[in-house]
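A short write-up of the structure that comes next.
The values are calculated or read from the model by the stated rules, or taken from the named source; none is laboratory data. Everything numeric here is computed off the predicted structure, so don't read it as measured data. Glycine gets a Cβ as well: all are built from the backbone with ideal geometry, and neighbour counts include every protein chain shown.
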C-alpha cells in the first residue's frame, strides 16, 4: 500500500469538504412562521403571539410584479432559495398601482383593466401560497409611486384590500402594506384620511392582521407620523432608505420616532442611491443595519430582480429565476445576503469563542454613561453588563450590535461598574467570549 498516495487522497477529500462548506452548501435558513406564528405589535416591536419574543423580519422585496423584472421570481423555488440559502424569512410582493400594467391604470397595456387586475391578483396568490408553504411571512404591497397621493385610487384600494383580507384572513403570515411611498406634497393628514378608510376594511375580515402604513416624502417622515399616530392596534409605520443617499439625518428622524414610541418597519431599503442605480455604499448601509438590529426593526431589501441597476440583488446577466449561487448575485446582493446570514446567526463559525473585548472606555453624563470599546472580529454583537455593585449583583444587561452604546436612566451620584463581552450565534445559540476588564465611573 502506498501510504503517501493514501495520505494525499485524504487531504484532497478534506479540502473538497471545506470548499463545499465555503461555497454555500451550509444551509442558513432563518426562523419563520413555524417558529413565531402570528405576529402582533407591542410598543415599538414586532412580537410573536406564540412565544412573546421580539421578531425581526429580514426580507426581500420583489421588483414590480407587473413587469418581467419582477413576476418571474414569484415562485416556491425562488422563495425557497432565499429562505434556505440566504437567511430570508419574509418576502414583499410589490404591486404597482400605475405605470405600464398598473392595477389602477394599465397605461399602454393591451389587456382590459379588469383583466390586468385578475392577472395581478393571481400573481399575488401565487406568491402568498409559495410563502405559506415555506413558512415565510409575506407583505402584500399596494405600491403607489407616480400616483403620489393614496387617496387618488382609494376606491380601488378599498375593493382590493377587501378581497385580499377575505382571502387570507385565516393565515398567520400575511401583512398588508396599504401605501408604499406617498410623495409629491402628500401630507400626513392626507395619509391619515386614507388609512382611516382602508384599515377598517381589512379589520372587518382580519381583526388582528399587521397593517403597514406609508409616511410622507417617499416614506421617510416617520418623525412626522410619530407626532400624531393612528389610533389602531397592530400598525407599523414605514421608513424607506437607500444608503448612498440617506444618511445620519434620516437615522435621526427614525430615532425621534422611536423615542416617541412609534413602531417602525423598513419595508424597503437599498445600498444604492435613491434612484436605484449608481455607486453602492455598504459602509453607510452597515450603519443602518446595525441601528435597525439594535432596535429590533424589520427590514426588506429592494429588489429581487436582474434589472440592470445597482439596487438589484441579481446580476443583469443572471437568467436563472431560482437556485442562485453566489456568482449569480450582484455586488449589492452579495453584501446584503452575507449580512443577513451573519445577523440571523447563520454564519458557520469556528469552534473557538469570540476574543475578549478590549479598550473599554466610559464617559459620564447626566444619569447616563457612554460606553465605547474595540471591535471584535467576526462578532455578531456584544453584551454590556452594568451594576452599582462590584460583584454585579442585580446587574442589568444590554445587547448591542455595534461597539458603542449609551446606558440611560442611571442613578445620580452613584458609581457604576461596567464590563463587556462579545458573542456570535451558532445554530441559533449565542456563544460568548470572556468579559473585558471591569471599568467604573461615577454618574453625574
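A few notes on this one:
- Count of residues meeting criterion [without any contact (Cβ under 8 Å) to a residue 40 or more places away in the chain, touching a helix residue (DSSP H, G or I) at 6+ places or on another chain (Cβ under 9 Å) and either surrounded by 22 or more Cβ atoms within 10 Å (Cβ to Cβ) or assigned to a helix (DSSP H, G or I) (or both)] in region 177-194: 5
- Filtered residues of region 415-432 (kept if modelled with pLDDT under 95 and surrounded by fewer than 20 Cβ atoms within 10 Å (Cβ to Cβ)): 425, 426, 427, 428, 429, 430, 431, 432
- Screening residue 358 against (1) part of a loop (DSSP other than H, G, I, E, B); (2) in contact with a strand residue (DSSP E or B) (Cβ under 9 Å, 6 or more places away or on another chain); (3) at negative phi leaves a single unmet condition, (2).
- Residues satisfying the criterion are present in region 107-114 (criterion: modelled with pLDDT of 95 or more and closer than 30 Å to residue 187 by Cβ).
- Evaluation of residue 108 against the conditions (1) in a loop (DSSP other than H, G, I, E, B); (2) over 19 Å from the mean Cα position of the chain (by Cα); (3) closer than 24 Å to residue 158 by Cα shows that the sole unmet condition is (3).
- Every test in (1) touching a strand residue (DSSP E or B) at 6+ places or on another chain (Cβ under 9 Å); (2) more than 30 Å from residue 232 (Cα to Cα); (3) not in a loop (DSSP other than H, G, I, E, B) is passed by residue 273 save one, and that test is (3).
- Criterion: assigned to a helix (DSSP H, G or I), within 22 Å of the chain's Cα centre (by Cα) and modelled with pLDDT under 95 - qualifying residue of 341, 332: 341
- Residue that is crowded, with 24+ Cβ neighbours inside 10 Å and either closer than 19 Å to residue 330 by Cα or free of Cβ contacts under 8 Å to residues at least 60 places away in the same chain (or both), where the choices are 300, 269: 300
- Residue 225 closer than 26 Å to residue 146 by Cβ, outside any loop (DSSP other than H, G, I, E, B) and touching a helix residue (DSSP H, G or I) at 6+ places or on another chain (Cβ under 8 Å): yes
- If the condition is being surrounded by fewer than 18 Cβ atoms within 10 Å (Cβ to Cβ), more than 19 Å from the chain's Cα centre (by Cα) and part of a loop (DSSP other than H, G, I, E, B), then region 53-80 contributes 67, 68, 75.
- Qualifying residue in region 314-334 (condition: closer than 26 Å to residue 54 by Cβ and either in contact with a helix residue (DSSP H, G or I) (Cβ under 6 Å, 6 or more places away or on another chain) or surrounded by fewer than 17 Cβ atoms within 10 Å (Cβ to Cβ) (or both)): no
- Residue within region 234-242 that is crowded, with 24+ Cβ neighbours inside 10 Å and more than 17 Å from residue 212 (Cβ to Cβ) present: yes
- Test: residue in region 122-134 that is more than 18 Å from residue 322 (Cα to Cα), crowded, with 21+ Cβ neighbours inside 10 Å and touching a helix residue (DSSP H, G or I) at 6+ places or on another chain (Cβ under 6 Å): no
- Of all the listed residues (412, 394, 444), the sole one being more than 30 Å from residue 338 (Cβ to Cβ), touching a residue at least 60 places away in the same chain (Cβ under 8 Å), over 25 Å from the mean Cα position of the chain (by Cα) and surrounded by fewer than 18 Cβ atoms within 10 Å (Cβ to Cβ) is 444.
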